[in-house]
Amino acid sequence: MVDKHAKYVFLFPSILFVLVMITFPIIYNIRIGFTDWSMSVVKKPNNVGLGNYIDLFQDPRFLSSIGRTFLFTFITLFGEVILGLGLGLFLNSQFSGIRTVKTIMLLPMVMTPVAVGMIWMLIYEPNIGIFNYILGLLGYKGQIDWIGSTSIALWSLMLVDIWEWTPMVALLIMAGLSALPKEPYESALIDGATKPILFWKITLPLISPTIMTAMILRLIDALKTYDIIYAMTQGGPGDATETINIYGYLVGFQYFRYGKAAALLNLFLILVLGLTFFLNVIKKKLVVEM
């Protein structure tokens with residue numbers, strides 16, 4: 001009896017530690033979200049009920065940051081899944097130098113986001129950046145301010161995120177492809193199926209759960225993207241790249257309205273959990289149908 005339950009005894013301290021480290025900050029943040037705690041006035045925080053949440057939904061800046069967050073998330077998610085699927089299919093084939101190509105492919109993913117941001121700031125630099133240099137070779141005479149223009153700054157950041165995280169999606173796709181059974185392909189080839197038919201009728205349906213897993217992981221990461229945006233634009237120019245995370249940081253650590261910042265992050269947590277739950281439901285349906 002002792003041996004049977006010994007594993008739970010040894011695991012209990014670790015599980016308890018993780019639960020405390022996760023549960024306490026969430027509960028404490030929820031509590032702060034119902035107060036007017038602010039460093040601008042030195043006083044004991046008062047309960048304001050839903051005041052912070054009402055204030056947020058009446059704040060045009062917050063509503064705009066939601067739109068930018070959704071735009072950034074879904075454009076990068078779509079780009080990374082499509083490119084990651086293509087890259088995964090390409091790297092799943094055998095050719096000379098495949099290991100070298102895979103190693104090079106991993107480089108963006110293993111770099112810290114701040115370092116990636118610094119590199120891309122040089123690439124985007126209007127005067128000496130390689131993008132404008134290439135455009136000059138192609139005959140374009142002007143200079144594009146890639147992250148200094150309110151109309152294209154957010155799109156420029158999307159490109160950086162796609163460049164950095166497409167390899168992760170490709171790795172997940174490759175793992176899914178390596179686990180596919182060979183029998184359906186052999187039967188289809190005997191029946192005269194072409195490569196496009198093999199992909200659409202066999203490969204894509206079989207790796208759909210893997211694609212959904214990659215989408216869930218990237219959805220969560222893209223929604224909470226902060227480091228690249230802050231390192232490159234800090235939410236500017238103006239508020240052109242100000243997402244929920246950037247605005248939450250500004251509210252909490254520049255305007256010192258901790259209650260409002262906590263309420264914002266509580267809403268953000270609900271948003272992430274809701275979207276993740278939705279994608280998990282779709283993933284389970286795909287698995288059941290298979």
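The values are calculated or read from the model by the stated rules, or taken from the named source; none is laboratory data. Owing to the predicted nature of the structure, the values given are computational and were not obtained by experimental measurement. Note: ideal-geometry Cβ built from the backbone for every residue, glycine included; neighbour counts use all protein chains shown. Protein only, heavy atoms only, side chains kept; ligands, DNA and RNA dropped before computing areas. Shrake-Rupley method; radii C 1.70, N 1.55, O 1.52, S 1.80 Å.
Quick one: is Lys102 surrounded by 14 or more Cβ atoms within 10 Å (Cβ to Cβ), of a type in the set (Lys, Arg) and without any contact (Cβ under 8 Å) to a residue 12 or more places away in the chain? When the stated conditions are applied, Lys102 passes them.
The set of residues in region 88-99 that are surrounded by 13 or more Cβ atoms within 10 Å (Cβ to Cβ) and without any contact (Cβ under 8 Å) to a residue 40 or more places away in the chain comprises Phe90, Ile98. Out of curiosity, is Leu171 more than 25 Å from Met111 (Cβ to Cβ) and part of a helix (DSSP H, G or I)? No, not satisfied. Considering region 227-270, and only residues there that are of a type in the set (Ser, Thr, Tyr) and either assigned to a helix (DSSP H, G or I) or within 20 Å of Leu56 (Cα to Cα) (or both), the residue that is modelled with the lowest pLDDT turns out to be Tyr255. Has region 20-39 got at least one residue that is of a type in the set (Ser, Thr, Tyr), open to solvent by less than 70 Å² (accessible area, probe 1.4 Å), free of Cβ contacts under 8 Å to residues at least 60 places away in the same chain and assigned to a helix (DSSP H, G or I)? Checking region 20-39: at least one residue is of a type in the set (Ser, Thr, Tyr), open to solvent by less than 70 Å² (accessible area, probe 1.4 Å), free of Cβ contacts under 8 Å to residues at least 60 places away in the same chain and assigned to a helix (DSSP H, G or I). Applying the condition of being more than 18 Å from Ala231 (Cβ to Cβ) and among the aromatic types (Phe, Trp, Tyr) to region 87-130 and asking which residue is modelled with the highest pLDDT yields Phe90. Among the candidates Glu125, Glu80, the residue that is among the charged types (D, E, K, R) and open to solvent by 40 Å² or more (accessible area, probe 1.4 Å) is uniquely Glu125. If you check Trp200 against the conditions, is it open to solvent by 30 Å² or more (accessible area, probe 1.4 Å) and at pLDDT 95 or above? Answer is no for this residue. Counting the residues of region 52-70 that are open to solvent by less than 70 Å² (accessible area, probe 1.4 Å) and either in contact (Cβ under 8 Å) with a residue 24 or more places away in the chain or touching a Ser or Thr at 6+ places or on another chain (Cβ under 8 Å) (or both) gives 10. Within the option set Thr241, Thr150, Thr210, being more than 30 Å from Phe277 (Cβ to Cβ) and in contact with a Gly (Cβ under 8 Å, 6 or more places away or on another chain) holds for one residue only, Thr150. If a residue must be in contact with a Ser or Thr (Cβ under 8 Å, 6 or more places away or on another chain) and open to solvent by less than 50 Å² (accessible area, probe 1.4 Å), how many such residues does region 155-171 contain? The number of residues fulfilling the criteria is 4. Restricting attention to region 204-223, the residues that are farther than 19 Å from Lys285 by Cβ and open to solvent by less than 40 Å² (accessible area, probe 1.4 Å) add up to 3. Given the condition part of a helix (DSSP H, G or I), farther than 21 Å from Ile220 by Cβ, open to solvent by less than 40 Å² (accessible area, probe 1.4 Å) and out of contact with any Phe, Trp or Tyr (no Cβ under 8 Å at 6 or more places or on another chain), answer yes or no: does some residue in region 5-18 qualify? Scanning region 5-18 turns up at least one residue that is part of a helix (DSSP H, G or I), farther than 21 Å from Ile220 by Cβ, open to solvent by less than 40 Å² (accessible area, probe 1.4 Å) and out of contact with any Phe, Trp or Tyr (no Cβ under 8 Å at 6 or more places or on another chain). Among the residues of region 101-132, those that are more than 16 Å from Thr233 (Cα to Cα), in a helix (DSSP H, G or I) and aliphatic (A, V, I, L, M) comprise Val101, Ile104, Met105, Leu106, Leu107, Met109, Val110, Ile130.
For every residue, the table says whether it meets (1) out of contact with any strand residue (DSSP E or B) (no Cβ under 7 Å at 6 or more places or on another chain); (2) surrounded by 13 or more Cβ atoms within 10 Å (Cβ to Cβ); (3) touching a residue at least 12 places away in the same chain (Cβ under 8 Å); (4) of a type in the set (A, V, I, L, M, F, W, C).
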residue	(1), (2), (3), (4)
Gly129	yes, yes, yes, no
Gly142	yes, no, no, no
Ala153	yes, yes, yes, yes
Ser178	yes, no, yes, no
Ser187	yes, no, no, no
